[in-house]
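Engineer: To start, I am sharing the structure in question, which I have written as structure tokens.
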Amino acid sequence: MPIVPDRGEGVWIYASNGERYLDLYGGHAVAATGHCHSHVVKAIKEQADKLLFYSNLVYSEARAGAAEKLVSIAPEGLTKAFFCNSGTEANENAMRMARMTTGRKNIITFSGGFHGRTADAISATFLGKYRELGKPNVPGHLQAEFGDIDSARALADDSVAAIMLEPIQSMAGVRMAEPSFYRAMRELCDERGIILIYDEVQTGIGRTGEWFFAGSEAGDGVVPDIVTLAKALGSGIPVGACLVTDRIAEHIKENDLGTTFGGGMIAMAAVTATLEAIEEDEMLENVSTVEAYLRERLKEVEQVVNVRGRGFLLGLEFADAAKPIHEHLLDRRIITGTSSDAKVLRLLPPLCLGKEEVDLFIKEVSKSLSSG
Ligand SMILES: Cc1ncc(COP(=O)(O)O)c(C=O)c1O
């Protein structure tokens with residue numbers, strides 16, 4: 001995008017030429033607490049003054065505190081955390097843990113899912129051109145149809161270690177399945193000894209108006225065996241995590257997993273402060289309130305034929321291509337996202353977005369459409 005961001009504050013980005021942009025994209029779902037939230041910035045600065053880094057070969061209060069905080073908000077049963085540096089790394093480790101736990105090799109993922117760009121994660125990605133980019137792919141990745149439990153069942157034999165899915169497929173254009181699909185997936189995994197992994201790199205840490213999609217009503221309360229996280233987790237400091245059950249953790253011995261920078265002190269300070277900021281500013285409640293307001297106001301825009309997703313992971317489906325609208329909005333200094341569905345405009349704003357900014361967005365979208 002033709003913007004050179006210089007400074008950020010809440011839902012606003014200031015470009016180097018002084019122009020101000022409303023950020024409904026959040027640096028790709030990262031800036032959940034808003035740009036430069038004072039509590040997060042203070043925690044990072046304080047940690048930087050004490051110790052920038054030491055490896056996870058040693059105990060760290062910053063790491064223990066972040067793990068404890070993360071587990072305290074996680075759905076019941078997800079009791080242990082492993083920290084790494086990104087979403088793709090979290091997914092690589094999740095698949096590895098599933099293979100270690102089951103002694104099996106194959107992984108089922110879904111059409112339209114995106115899981116990252118390293119070898120195993122890109123091989124698990126059945127969206128557009130990405131898998132091609134990772135050739136030669138890691139063997140043993142099987143593709144089922146998102147939302148179709150029979151297609152997963154047909155592949156789920158005793159060679160399958162894990163079924164992994166984005167519970168809401170963001171890059172595919174914000175696609176969700178019926179609650180019964182998630183329940184059926186849980187039952188299938190239990191029946192066949194398969195590990196269920198939710199890739200919550202986008203949906204996690206409050207984006208849906210709840211801390212996680214795992215355990216939510218939209219997913220019929222289903223809790224997977226592993227949840228992977230990144231993006232919003234550190235408010236912009238690179239950090240990823242796998243949340244796992246005791247059963248998975250029991251199969252992992254010291255040194256089975258590793259990463260130099262994972263669990264570093266700066267990242268851990270950012271994680272704890274991010275979760276605290278979301279709590280203290282009541283951002284989950286804000287997401288639900290402002291989502292409802294946005295949906296109501298979108299009814300005024302007749303070219304929006306459908307609003308997909310939950311909370312602040314929304315796909316606005318237009319009757320025609322979304323790209324010209326995205327470009328018009330950028331001219332009007334509003335940043336939104338596109339997706340691999342040409343008719344869908346994606347909104348992934350900070351969780352502190354308010355009604356006033358929604359009004360501004362509606363005004364500009366309407367103008368964009370009336371100017372043709
Ligand atoms: C659902 C999902 N999983 C995994 C990833 C990969 O995360 P990262 O870019 O941090 O490796 C992404 C990135 O967009 C994502 O959206």
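The values are calculated or read from the model by the stated rules, or taken from the named source; none is laboratory data. Not measured: the values here are computed from a predicted model. Cβ sites come from the backbone with ideal geometry, for glycine too, and all protein chains shown count toward neighbours. SASA here: full protein model, heavy atoms, side chains in, ligands and nucleic acids out. Shrake-Rupley method; radii C 1.70, N 1.55, O 1.52, S 1.80 Å.
Engineer: Might you report the magnitude of the Cβ-based charge dipole of the range 1-93 about its Cα centre, with Lys and Arg at +1 and Asp and Glu at -1, to the nearest 20 debye?
Structural biologist: Value, rounded to 20: 180 debye.
Engineer: Evaluate E = 1/(1 + (r/R0)^6) for SER366 and GLU279, where r is the Cβ-Cβ distance and R0 equals 41 Å; express this FRET efficiency to the nearest 0.05.
Structural biologist: So the FRET efficiency works out to roughly 0.70.
Engineer: Right, here's the next one. Using r as the Cβ-Cβ distance of ASP148 and TRP12, and R0 as 45 Å, what FRET efficiency do you calculate, to the nearest 0.05?
Structural biologist: The pair ASP148/TRP12 has a calculated efficiency of 0.60.
Engineer: Give the share of C-alpha pairs in each 10 angstrom bin for the range 119-219, from 0 to the last occupied bin, in whole percents, shortest bins first.
Structural biologist: 14, 45, 35, 6
Engineer: Could you tell me which of PRO167, PHE110, PHE213 has its Cα farthest along the dipole of the chain towards the positive end, charges placed at Cβ (Lys, Arg +1; Asp, Glu -1), taken about the Cα centre?
Structural biologist: PHE110
Engineer: Need the C-alpha centroid separation for the range 11-71 versus the range 306-372, integer Å.
Structural biologist: 26 Å
Engineer: P(r) for the range 242-333: what percent of alpha-carbon pairs falls in each 5 Å bin, starting at zero?
Structural biologist: In order of increasing distance, the bins hold 2, 9, 11, 13, 13, 11, 12, 11, 8, 6, 2, 0 percent.
Engineer: Using the Kirkwood formula on the Cα atoms of the chain, what hydrodynamic radius do you get, in angstrom to one decimal?
Structural biologist: 21.0 Å
Engineer: Suppose every Lys and Arg Cβ carries +1 and every Asp and Glu Cβ carries -1, with no other charges. What dipole size does the range 280-363 come out with about its Cα centre, to the nearest 20 debye?
Structural biologist: For the range 280-363, the charge dipole is close to 340 debye.
Engineer: What is the distance, in nm, between label points placed 7 Å from the Cα along the Cα-to-Cβ direction at ASN137 and at ALA64?
Structural biologist: 4.4 nm
Engineer: While we're here: With every protein chain present, what is the per residue accessible area of the range 188-229 (1.4 Å probe, Å²)?
Structural biologist: 22 Å²
Engineer: Could I ask something else about it? For the chain, set up a Gaussian network in which alpha carbons nearer than 10 Å are linked by springs, and say which option among VAL58, VAL174, VAL71 fluctuates the most.
Structural biologist: Looking only at VAL58, VAL174, VAL71, the largest GNM fluctuation is found for VAL58.
Engineer: A follow-up question, please. If you take the charge dipole of the chain about its Cα centre, with +1 on Lys and Arg Cβ and -1 on Asp and Glu Cβ, which of ASN286, LEU57, GLY134 is farthest toward its positive end?
Structural biologist: Farthest along the dipole direction, towards plus: GLY134.
Engineer: Between GLU191 and ALA321, what FRET efficiency comes out of the Förster formula 1/(1 + (r/R0)^6) with R0 = 45 Å and r the beta carbon distance, rounded to 0.05?
Structural biologist: It comes to 0.55.
Engineer: Let me ask you something else. Whenever you get a sec, compute what percent of the accessible area on the chain sits on carbon and sulfur atoms (1.4 Å probe).
Structural biologist: Its accessible area is 49 percent carbon and sulfur atoms.
Engineer: Right, next: In the range 1-47, with Lys and Arg counted as +1 and Asp and Glu as -1 at Cβ, which of these residues, GLY26, GLY10, HIS39, has the Cα nearest the positive end of the dipole, that is, farthest along it?
Structural biologist: So the residue we want is HIS39.
Engineer: So how far apart, in nm, are the two label points at GLU356 and VAL4 if each is 7 Å from Cα heading toward Cβ?
Structural biologist: Going by the 7 Å Cα→Cβ label model, 3.0 nm.
Engineer: Additional query: Suppose the chain between HIS328 and THR118 were pulled fully straight at 0.36 nm per residue; how much longer would it get relative to their current alpha carbon spacing?
Structural biologist: The HIS328-THR118 span can extend by a further 72.2 nm.
Engineer: In the neighborhood of GLY221, defined by Cβ-to-Cβ distances under 13 Å, what is the net charge if each Lys or Arg adds +1 and each Asp or Glu adds -1?
Structural biologist: That works out to -3.
Engineer: For every helix of n ≥ 4 consecutive DSSP H residues, a contribution of -39,500 (n - 2.57) applies; sum these over the chain, divide by its total residues, and give [θ] at 222 nm rounded to the nearest 500 deg cm²/dmol.
Structural biologist: The helix contribution divided over the chain gives -11000 deg cm²/dmol.
Engineer: So, with +1 on the Cβ of K and R and -1 on the Cβ of D and E, and no other charges, what is the size of the charge dipole of the chain about its Cα centre, to the nearest 20 debye?
Structural biologist: Charge dipole of the chain: 900 debye, to the nearest 20.
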